[in-house]
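Data first, discussion second: the structure below is written as structure tokens.
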Amino acid sequence: MLQKGETSGVAAILTSSNKPLNWLGSGFDMALMLIEAASRGLNAAIIIHPLQIPEVRLRVEAALNTDWTAQVLLRMGFAEHAPLTPRRAIVDVMMHPGFSR
């Protein structure tokens, strides 16, 4: 597990085959990982799209030295807190003529 001050790490979710039931299971596993990461103060970025390219997926699996199918990669780490995005007051939005009936 990462400690504060360490760089981010990458986690992989692998399945024994590449079928719809495996996709569903990896989605549940990802949800559990994200909940656990959040409970420890970690931020996560989900990396799925590159794995849809067969050559990329094979290279990832080769780098992991596995015969299993890579379904999801998660980049996890501690992030600096960014300033809050300014928001308009709710009365300014709800009182807008476009929202009236």
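For the reader, a short list of remarks on this structure follows.
- Within the stretch 16-27, the residues that satisfy the criterion of being in a loop (DSSP other than H, G, I, E, B) and surrounded by 11 or more Cβ atoms within 10 Å (Cβ to Cβ) are 18, 19.
- Considering the stretch 1-27, and only residues there that are closer than 27 Å to residue 81 by Cα and of a type in the set (Val, Ile, Thr), the residue that is modelled with the highest pLDDT turns out to be 10.
- Scanning the stretch 41-58 for residues that are in a helix (DSSP H, G or I) and surrounded by 10 or more Cβ atoms within 10 Å (Cβ to Cβ) returns 50, 51, 56, 57, 58.
- Output for the stretch 43-53, where each listed residue is more than 11 Å from the chain's Cα centre (by Cα) and either under 18 Å from residue 27 (Cα atoms) or modelled with pLDDT under 95 (or both): 49, 50, 51, 52
- Among the residues of the stretch 28-40, the one identified as open to solvent by less than 40 Å² (accessible area, probe 1.4 Å) and modelled with pLDDT under 95 is 37.
- The number of residues in the stretch 65-84 being in contact with a strand residue (DSSP E or B) (Cβ under 8 Å, 6 or more places away or on another chain) and either more than 19 Å from residue 8 (Cα to Cα) or open to solvent by 80 Å² or more (accessible area, probe 1.4 Å) (or both) comes to 6.
The values are calculated or read from the model by the stated rules, or taken from the named source; none is laboratory data. Since the model is a prediction, treat every value here as computed from it, not as a measurement. Note: ideal-geometry Cβ built from the backbone for every residue, glycine included; neighbour counts use all protein chains shown. The accessibility values were calculated without ligands, DNA or RNA, using every heavy atom of the protein model including side chains. Shrake-Rupley method; radii C 1.70, N 1.55, O 1.52, S 1.80 Å.
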